[in-house]
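Every read-out reported here was derived from the displayed coordinates using simple, explicitly stated rules and does not represent laboratory data. If you're wondering where the values come from, they're calculated on a predicted model, not measured in any experiment. As a convention, Cβ positions derive from the backbone with ideal geometry for all residues, glycine included, and neighbour counts pool all protein chains shown.
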Amino acid sequence: MSTPYYVSPEQIRQDKEDFVRRGIAQAKEVVVLEYRDGLLMVAENPRKTTFKVSEIYDRIALAAAGRIAEYEALRVAGIRESEIKGFRYYREDVTAKWLTNLYSQHMGAVAQAWDAKPLEIELLVCEIGTTDASTSAGLQRNQIYHIAFDGIYSEEEKYAVIGGRATTITEILEQDYSDELEMSAALQLVTEAFQTVEAEAEDDYEITPETIEVACLEQTAARRKFRRLSTDEVTTLLS
Amino acid sequence: MLELDDYGTSNFFQILKRRHPELLATLNSPDSTSSVRTTESSLRPYEGTTVLAVVYDGGVIMAGDRQATEGYQVGERRIQKVYPVDRHSAIAVAGAAGPCIEMAKLFQVEVEFYEKTEGVSLSLEGQANFLSHLVRSNLGLAMQGLIVLPLFAGYDLKRQRGRIFKYDAVGGRYEEDDYYAIGSGGKDARTTLKKRHTPEITRQDALEIVAEALWDAADEDIATGGPDLIRKIFPTLYTITEEGVAEIPQATVEALYRDLISRL
């Protein structure tokens, strides 16, 4: 029997992180930001049936950058676990914090397994706040959790960006974001940020209503807060 | 921990059956051979009574009275028997109240789960067929006297009309073209609907005959609750159209009944 080579834990971690970073670097960005009536989610995505932003539960949505197949499995698992929890207890007991922990544990376990490749995705778990104090959750602010490939997560305020050029877009938002934006203004802000980073890129990706995916969690909706915006709606909002 | 093995299935009922059978205590009862008949024992579950559906020009109305009985006693005065399922369908239930509500809830979750995982809504026909399986899975309890009978209605976006499906205790699924009513006062409600329903009936006329049918059911059947003008409890009515499912406000239902009473 041969003795296995010794590799330090730091080295293993670094290797995995480099590997994932190369994958994520190519991923197009997804932006989530607070606007007057809730949370707006915008992604660069020219496809019409494969989405990067999707509905998980009544008040919760999931956005992802990276490998679609890996995200897809987590998306469906999230819906399933949420529905089971809501069925067992009560719909209001399903929270973004709980779901984030679930994803975090899973992604962390995969990232640490010696025989598995870490997931090449980043997630944003978003939950729209409650303005109605009579619910069990009481008054609550919007919540955005950013989960990295290794399961480490952080709570973001007002807006969050994932994808290859997240840092550049975050810088733009830091400059131009303001509270209580109308939906159209919020959408314009994001598309302008996308245009700025695309103008710097070599292969110019044109930002039009057809090439972005837009969804929102809106306070005015009934039980299910998630809604996808049609291309027509996006065109109207941008004009 | 997240289990990713279930990826392929959009069937929530299956997942619960395998992973959490304890959550399906009644709907998944294996004990169909038991000779215990709850109706003859001391166990007296709440029973829901009359629910109905009526097709009109532009959609379908679904309605139910609000009373649940416990033998010859009133068990509950404000029970809900009609539940919206997705944007274009609703389910109404009659029978043992506990399993009825469980079935309606599970059915609603199932349809929504399908929609979210697949990214498209389950067709109305698909929903009606799935409900058949749920009714059949309750057969064990039905044999013991805890029967659950749903009535299912929706607006078929492809065919551009309201549709009604009724079920028998073994899961048989039958479509009705114009109206149907089930539950202890179902027969009385059907008699009224039979006399008053016309093919191209308008929404307003349909609302009126629904109110009248439930009135007649309450009049003839002791288990069915009529409009309660003192406590302000009125039957629940929902319309299902291309635009979606909408509950008729209780004030409007009250007006319907005040109008009906003034004409008696």
Part-to-part distance (alpha-carbon centres) for segment A:1-32 and segment B:237-264, which is given in Å: 62 Å
Helical contribution to [θ] at 222 nm, DSSP H n ≥ 4, -39,500 (n - 2.57), averaged over chain B, rounded to 500: -11000 deg cm²/dmol
Positive-end residue, the protein assembly as shown charge dipole about Cα centroid, Cβ charges, pick of B:52, B:169, B:211: B:169
Choice from B:194, B:158, B:166 with maximal GNM fluctuation in chain B (Cα, 10 Å cutoff): B:158
Which of B:196, B:190, B:263 has the fewest Cβ neighbours within 10 Å, and the rest in rising order: B:263, B:196, B:190
Euclidean distance between Cα centres, segment A:188-207 to segment A:81-149, Å: 30 Å
Cross-link pairs B:81/B:166; A:97/A:158; A:28/A:158; A:52/B:158 - those with Cα-Cα distance over 18 Å: A:28/A:158; A:52/B:158
Centroid-to-centroid separation of segment B:204-218 and segment A:208-230 [C-alpha atoms, Å]: 39 Å
Residue order, fewest to most surrounding Cβ atoms within 10 angstrom, among A:57, A:205, B:46: A:205, B:46, A:57
Residue order, fewest to most beta carbons within 10 Å, for A:231, B:49, A:3: A:3, A:231, B:49
